[in-house]
Amino acid sequence: MSGIENLDLQSIVADIHRDLTPRLGEGKVADYIPQLARVDPQSFGIAIVGVDGQVYKAGDAEVPFSIQSISKVFTLTLALGKHGENIWKRVGREPSGSAFNSIVQLEHEHGVPRNPFINAGAIAITDLVLAGHTPREAIGEIVRFIRYLADDEDIVIDHEVAKSEAATGYRNFALANFMRSFGKLDHPVELVLGTYFHQCALSMTCVQLAKAGLFLAASGTNPLSHHSVVTSQRARRINALMLTCGHYDGSGDFAYRVGLPGKSGVGGGILCVAPGKASVAVWSPGLNHNGNSLLGSRALEMLASRTGWSVFGA
Ligand code: GLN
């Protein structure tokens, strides 16, 4: 079975939640800022929004969490809308095979990050989103865009998270300074990172996140709000990048186990796209050694095997 008509998705999410309950708390919660360190490690949420608009959820699916690097999908979409294919002069489209915040590769490749989903690449994309704006305006534009995608005006930034990110973001400053030294950032480092830290600090629930990603499952148009976001070609291409680069140096393993485009964040969330079928968001704060949600990945592996949704075949 591969359609969504014949599947009892509510039972599937409830079963996944039940099956994983004994393991809640596994993995290591991010502790580089206090706001993430104090998140309950037992939290677990899952939400599926079908392209038919049906919502299926279990656990803490309505509890907001820090989306962190999942925001990189939305700023990439925004930057593509503003600058089109020109963005590929600033950032590549290849898996990095290194950690999300690695600096080594950046020196070898003269300040052009491997892809838009590692930190350096996302910082380069945020620099493009800043074009013609103050950081305050750019942050406003990012929030408005995500509210438009999810069709939900309640989505907000957690300013305490943004402040902590800035206070501890030495490595991101190093990456950005490096790119600026190669002439690969147009704006001052403080302004680019001020914007980047705020996008990472967006707080969303699994349901909101799955709705925001629904356009990627439905050829570029959100079938719930009828908001047309990107062309079908662009949706397909963003999905391709999520599949190959969305989990840092765990992207190959995620493709092997789950077989769907996905983007993870250090807050423990994963946005996953089943093209033509549904958008899925999971949240479990314990991370694996690549910084991806341990049980979130496991939940998606169970979902893919129980639905037959892998893009590589049922
Ligand atoms: N804000 C985090 C950082 O820049 C995001 C990283 C992530 O989610 N993997 O380090």
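The values are calculated or read from the model by the stated rules, or taken from the named source; none is laboratory data. All of these numbers come straight from a predicted model, not from anything done at the bench. Glycine also receives a Cβ, built like all others from the backbone with ideal geometry; neighbour counts cover every protein chain displayed. Ligands, DNA and RNA are excluded from the accessible area calculation, which covers all protein heavy atoms including side chains. Shrake-Rupley method; radii C 1.70, N 1.55, O 1.52, S 1.80 Å.
Filtering the range 251-275 to residues that are of a type in the set (Gly, Ala, Ser) and touching a Ser or Thr at 6+ places or on another chain (Cβ under 8 Å) leaves 251, 255, 259, 264, 265, 267, 268, 269, 274.
Note on the range 230-262: residues that are among the β-branched types (Val, Ile, Thr), in contact (Cβ under 8 Å) with a residue 24 or more places away in the chain and surrounded by fewer than 21 Cβ atoms within 10 Å (Cβ to Cβ) total 2. In summary, residue 280 fulfils each of the numbered conditions (1) touching a helix residue (DSSP H, G or I) at 6+ places or on another chain (Cβ under 7 Å); (2) at negative phi; (3) within 15 Å of the ligand (Cβ to nearest atom) with the single exception of condition (3). Within the range 263-277, the only residue that satisfies the criterion of being free of Cβ contacts under 8 Å to residues at least 60 places away in the same chain, more than 16 Å from the ligand (Cβ to nearest atom) and open to solvent by less than 10 Å² (accessible area, probe 1.4 Å) is 274. Every condition in (1) within 15 Å of the ligand (Cβ to nearest atom); (2) farther than 16 Å from residue 281 by Cα; (3) open to solvent by less than 10 Å² (accessible area, probe 1.4 Å) is met by residue 194 except one, and the failing one is (3). Looking at (1) within 21 Å of residue 11 (Cβ to Cβ); (2) in contact with a Gly (Cβ under 9 Å, 6 or more places away or on another chain), find the lone condition where residue 260 falls short. Answer for residue 260: the failing condition is (2). Considering every residue within the range 83-93, establish whether at least one is more than 15 Å from the ligand (Cβ to nearest atom), modelled with pLDDT of 95 or more and in contact with a Gly (Cβ under 6 Å, 6 or more places away or on another chain). So far as the range 83-93 goes, yes, one or more of its residues are more than 15 Å from the ligand (Cβ to nearest atom), modelled with pLDDT of 95 or more and in contact with a Gly (Cβ under 6 Å, 6 or more places away or on another chain).
Residues that are in contact with a helix residue (DSSP H, G or I) (Cβ under 7 Å, 6 or more places away or on another chain) and either open to solvent by less than 50 Å² (accessible area, probe 1.4 Å) or not β-branched (Val, Ile, Thr) (or both) were ranked within the range 51-64; the one that is farthest from residue 232 (Cα to Cα) is 59.
Against the numbered list (1) touching a residue at least 12 places away in the same chain (Cβ under 8 Å); (2) more than 30 Å from residue 170 (Cβ to Cβ); (3) open to solvent by 40 Å² or more (accessible area, probe 1.4 Å), residue 24 comes up short only at (3). Take residue 210 and tell me if it is open to solvent by less than 20 Å² (accessible area, probe 1.4 Å), closer than 18 Å to residue 72 by Cα and without any contact (Cβ under 8 Å) to a residue 60 or more places away in the chain. The answer is no for residue 210.
Consider residue 185 carefully, then state whether it is within 16 Å of the ligand (Cβ to nearest atom), of a type in the set (A, V, I, L, M) and not in a helix (DSSP H, G or I). Yes; evaluated as a whole, the condition is true for this residue. Of the residues 217, 314, which is away from the ligand (no atom under 16 Å from the Cβ), in contact with a Lys or Arg (Cβ under 7 Å, 6 or more places away or on another chain) and among the small types (Gly, Ala, Ser)? Checking each option against the conditions leaves just 217.
Within the set 166, 122, 162, 176, the sole residue that is surrounded by 16 or more Cβ atoms within 10 Å (Cβ to Cβ) and closer than 21 Å to residue 213 by Cβ turns out to be 122. The set of residues in the range 79-119 being of a type in the set (Gly, Ala, Ser), open to solvent by less than 40 Å² (accessible area, probe 1.4 Å) and in contact (Cβ under 8 Å) with a residue 40 or more places away in the chain consists of 79, 96, 98, 111.
Scanning the range 284-297 for residues that are open to solvent by 10 Å² or more (accessible area, probe 1.4 Å) and within 20 Å of residue 15 (Cα to Cα) returns 294, 297. When 12, 48, 67, 16 are checked against the criterion of being open to solvent by less than 40 Å² (accessible area, probe 1.4 Å), under 25 Å from residue 254 (Cα atoms) and in contact with a Gly (Cβ under 7 Å, 6 or more places away or on another chain), a single residue qualifies: 67.
The set of residues in the range 220-262 that are within 16 Å of the ligand (Cβ to nearest atom), modelled with pLDDT of 95 or more and among the hydroxyl-bearing types (Ser, Thr, Tyr) contains only 251.
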